[in-house]
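*Asks:* Pasting in a structure now, in C-alpha cells, and then I'll have a few things to ask.
The values are calculated or read from the model by the stated rules, or taken from the named source; none is laboratory data. In this text the structure is predicted, and so the values were computed from the model without any measurement. Glycine also receives a Cβ, built like all others from the backbone with ideal geometry; neighbour counts cover every protein chain displayed. All accessible areas refer to the heavy atoms of the entire protein, side chains included, with ligands and DNA or RNA removed. Shrake-Rupley method; radii C 1.70, N 1.55, O 1.52, S 1.80 Å.
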Amino acid sequence: MNPLIWIIPVLPLLSFVLLLLFGRRLKEASAHVGALLTLGSLVLSIVVLLNQWGGEPVKETLSWLTFGETTLSAGYLVNPLNALMLVIVSLVSFLVQVYSGGYMHDDDRFPIFFAYLGLFTFAMLGLVLSPNLLQLYVFWELVGVGSFLLIGYYFYKREARSAAKKAFIMTRIGDVGLFIGMILLFWQVGSFEFDEIFAAVEAGEISEGWITLTAILIFVGAIGKSGQFPLHTWLPDAMEGPTPVSALIHAATMVAAGVYLVAAMFPLFQASEAALTTVAVVGGFTAIFAATIGLAQADIKRVLAYSTVSQLGYMMLALGSSGYVAGVFHLTTHAFFKALLFLAAGSVIHAVHTQNIHEMGGLWKKMKWTAPLFLIGAMAISGVPGLSGFFSKDEILAATYADGRFGLFWIAVIAAFLTAFYMFRLFFLVFTGESRGIQEKVKESPVSMTFPMIVLGILALIGGLINTPFATYLSDFLAQNEALEIHHHETRWWIPVVATGVSLLGILMAWLVYVKKKVTRFSESAPDLHYILLNKYFIDETYDYSFVKGTRALSYFWYYIDRFVVEGLVGLVTGIVGWFSKIGSRFQNGQVQLYSSVAFAGMAILLLVVAWIGGYLT
C-alpha cells in the first residue's frame, strides 16, 4: 500500500493520541502539535491531488473479514473527487487549528480542544478515502462522535449539552436510512465495494425499483449529515460549540459529508430518475426554506448557520439535476467563503463579546482586517461577479435549467436574491453605522486569527477560476473518473445576467433598508411573518410537541399500563394463590386427629361420588 496516502488520516489521529497523553504537559504547545500534523496531511493531500491530475484512480485493499465465500475488505480509494476533498478537508482543518490557537488561548481545556479537532479531522479524512460503503459507514459514525464532542465542548452549559445530543440523535436518524440502504445493496450485489456496486448497476443486475429504494435510503443519511429539511434543526443549534468548530463543521467537513456521499454514489443515483428528482426537490426546498429563516435571525452565527443549510440545499439541487460538476464545484467554493465568514464572525465575537448583531455596528473602522475579509466572504456567497460563488452558483442554475427543472430553477434564483439580502443585512448591521453596544476596547484579532482569514479570503476571491465558461479545469479533472457520466451544461447567456441582477438587487435592498433606511424594515412591515421566521417556522416546537412530548406521553401510558394493569394482574394472581395457601396451611397444623378426620371425610366423599355415578343412589 502507498504509505503516502494512508499517512494522511493517520497524522491527525496521532495528534489526537499525543494530546490526550501529553496535553497537560504541552499546554499551549498543543496548538503547534495539532497544526503541524494537520499541515503534514495537507501537504500530502496536495501531492495526491497533483498525482491524480491526469493519472488513474488508485485503490488498495486488504482482507478484513471472511465468512463463507464473502470477503470484506478495508483500504483506500483515491479518485478525482476524493483527492479534491482531501485537500479541502485538510486545508480548512489546518486553518481552523491555526485560528484556534488565538481564539481558544484562554480556555482551561486548551489541549483537549485540539485533541478533539484531531479526532474529527482523522474521521473525515478516513471517510473520504473509504473504498466501500462499510468502511465509509464506520468513519461516518466516527465523524458523528467527533462532532458530538466538539459541539458539546462547553459541556457545563445546558445549551451546549442539548445541542450536542440533538446533533447526535438527529444525524443518527438519517444514519438508519444509510445503514438500511447499505445492507440492501449488499443483499443485491454481494459486496460493499463502490466499483462492484456501480458495475452491477451498469450491467442491469439490480432492478430499477431496488436502485430507487437504495438510492433514496442512502440520501436519507445525507439529509441527516448535511442538514437538509426536515433533519436540519440540529445544524443551527450546533452554534453552541466554539466558533472555530462552527467553521470546521459548517464549511468543508461534517456537513459536506452528505453532499460527498451523494456525489460518491452518483452512478447509483443517475440510474434512477425518481431518486434524482427526490434529491433535487429536497435540495431546492431546503435552499429557499433556510434562506427565508436567515432573514430574521439576530445571532451572527445563526444567520451563517441557516446560510449553510441553504447553500447545502443548492448543492443537492445541483446533484439532483445531474449537475455533478456544479455540486462539487459549489462544495469547493463554499468551503472557502463559508469558513472565511465563520472565522470572521468569530473575530467579531472575540472583539465585542456578543453574538447579537443588533448590539454591534460601526466595526469597519475598528477592525481593519476582519471587516474587508468579511465583505469578501459576503460578496462571494452572494454571487457578485468575479468571485468564487458567482461561478459555482451560475453552474448550478445552468444545470438546473438544462435538466428541465424550471420551477426549481426559479426557486434557486429567488434563494440567490434572499442570500444576498440577508448576508448584506448582516454586514451592514455589524460593520456600518454607529455602535449600538458597549464597545470600548474593540481591537483587531491577533495574527494567528487573521492569517487563516486572509488565506481563505484569497481563495474566496480566486477559487472560482478553477471552473469558468472559458477554462473548465475542474470539470475536466472530475471527468477522468470513468464510472461517471458527466453532463456538460452549456450556460445560456441570460442566466449569469439574471443571477447577477438578483444578487445586486438583494445587496441594494439591504443597503436601502439598513444603511439609508429609506425602506421599512421587514420586522416592521410584516411583524407576523417576521415572528414566524424568527421562530424558524416553529419546526423545533412541532418536533418537541409531536416526537419528544408525544414519545414521553406514550412512554407514560405504557408505564401506567405496566404499573397498574400488568402488575395488578400479577398481584391478583399471587394474592389468590396466597389466599389458597393460607387456607391450606390451616390444615397443616401437625394434629394426627385432624389428618385422620380429613382422610375419612375424603374417603366418604369419594364413596358418595362413586355411588352417585354408579347409580346406586338413584
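*Asks:* Compute the orientation-averaged projected area for the stretch 333-427 from the convex hull of its Cα atoms and round it to one decimal in nm². Mind showing how you got there, number by number?
*Replies:* Values: hull surface 25.9 nm².
Reported value for the Cα convex hull: 6.5 nm².
*Asks:* A further question follows. Determine the relative contact order of the stretch 172-248: mean sequence separation of Cα pairs under 8 Å and six or more apart, normalised by residue count, in whole percent.
*Replies:* 36 percent
*Asks:* For the stretch 195-336, what relative contact order do you get, as a whole percent, if you take Cα pairs closer than 8 Å and at least 6 residues apart?
*Replies:* 28 percent
*Asks:* Rg (Å, one decimal) plus Dmax (Å, integer) for the alpha carbons of the chain?
*Replies:* 31.4, 121
*Asks:* Now for a separate question. Which whole-number percentage describes the relative contact order of the stretch 1-103, with Cα contacts under 8 Å and a sequence gap of 6 or more?
*Replies:* 30 percent
*Asks:* Give me the number: length gained by fully extending Glu60 to Asp544, i.e. 0.36 nm times residue separation minus the C-alpha to C-alpha distance, one decimal in nm.
*Replies:* Details: separation 484, 0.36 × 484 = 174.24 nm, distance 4.65 nm.
Result for the pair: 169.6 nm of gain on full extension.
*Asks:* Separate question: Considering only protein heavy atoms, what is the solvent-accessible area of Lys366 at a probe of 1.4 Å, reported in Å² to the nearest 10?
*Replies:* Probe radius 1.4 Å; accessible area of Lys366 about 80 Å².
*Asks:* Could you list, bin by bin from short to long, the percent of Cα-Cα pairs of the stretch 6-113 in 5 Å steps?
*Replies:* 2, 12, 17, 17, 14, 12, 10, 8, 4, 2, 1, 0
*Asks:* Find the percent of Cα-Cα distances in the stretch 460-618 that exceed 22 Å, and round it to a whole number.
*Replies:* Considering the stretch 460-618, 80 percent of its Cα-Cα pairs are separated by more than 22 Å.
*Asks:* With a 1.4 Å probe and all protein chains in place, put His250, His105 in order of accessible area, largest first.
*Replies:* Details: His250 0, His105 90 Å².
Ranking His250, His105 by accessible area, largest first, yields His105, His250.
*Asks:* OK, next. For Leu37, Leu26, Leu304, Leu65, give me the order by solvent-accessible area with a 1.4 Å probe, most accessible first, ignoring ligands, DNA and RNA.
*Replies:* Values: Leu37 35, Leu26 65, Leu304 0, Leu65 90 Å².
In descending accessible area the options line up as Leu65, Leu26, Leu37, Leu304.
*Asks:* Report, to one decimal in Å, the Kirkwood hydrodynamic radius for the stretch 442-481 based on all distinct Cα pairs.
*Replies:* 12.4 Å
*Asks:* Give me the lysines in straight-line cross-link reach of Lys338: C-alpha distance below 25 Å, same-chain residues under 8 apart excluded.
*Replies:* Partners found: Lys165, Lys166, Lys225, Lys301, Lys365, Lys366, Lys368, Lys393, Lys443, Lys536.
*Asks:* Can you pull the three principal axis extents for the Cα set of the stretch 406-456, in Å, largest first?
*Replies:* Answer, in whole Å and largest first: 51, 30, 11 Å.
*Asks:* Turning to a different aspect of this structure: For Lys166, Lys518, Lys157, what's the largest-to-smallest order of accessible area, 1.4 Å probe?
*Replies:* Sorted by accessible area, descending: Lys518, Lys157, Lys166.
*Asks:* Taking the Cα centre of the chain as origin, sum charge times position over the Cβ atoms of Lys and Arg (+1) and Asp and Glu (-1), and report the length of that vector in debye to the nearest 20.
*Replies:* Dipole size: approximately 2360 debye.
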